[in-house]
1. Restricted to segment 79-100, and to residues that are surrounded by 10 or more Cβ atoms within 10 Å (Cβ to Cβ) and in a helix (DSSP H, G or I), which residue is modelled with the lowest pLDDT?
2. Can you tell me which condition residue 5 does not meet? The list is (1) modelled with pLDDT under 95; (2) more than 29 Å from the chain's Cα centre (by Cα), and all the others hold.
3. Restricting to segment 11-35, name every residue that is loosely packed, with under 11 Cβ neighbours inside 10 Å and in a helix (DSSP H, G or I).
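The values are calculated or read from the model by the stated rules, or taken from the named source; none is laboratory data. Please read all numbers here as calculations on a predicted model, not as lab measurements. So basically every Cβ, Gly included, is an ideal-geometry build from the backbone, and we count neighbours across all protein chains shown.
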């Protein structure tokens, strides 16, 4: 544990350490303090991973909201142009005339 930096931690490594500590506790070693320390390390590790992922999601939401605002504005312009048009433009459908 001591030779590892926080940057090199991984979920399998944390689970492996927990398993070793639990095995040592099971055979009589008083290592409850180490298990508590490992819990704190795991909380920090997973908390930072979640915070990093949340930042990415927030950036994606912001980008999508900007795109949505542009599209809503464009839709409004199209609707205004369609309402101002004296005649509705009809678009031929591929099935027009099939049942005549």
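1. Checking each candidate, the answer is 82.
2. The failed condition is (2).
3. 12, 19, 26, 32, 33, listed by residue number.
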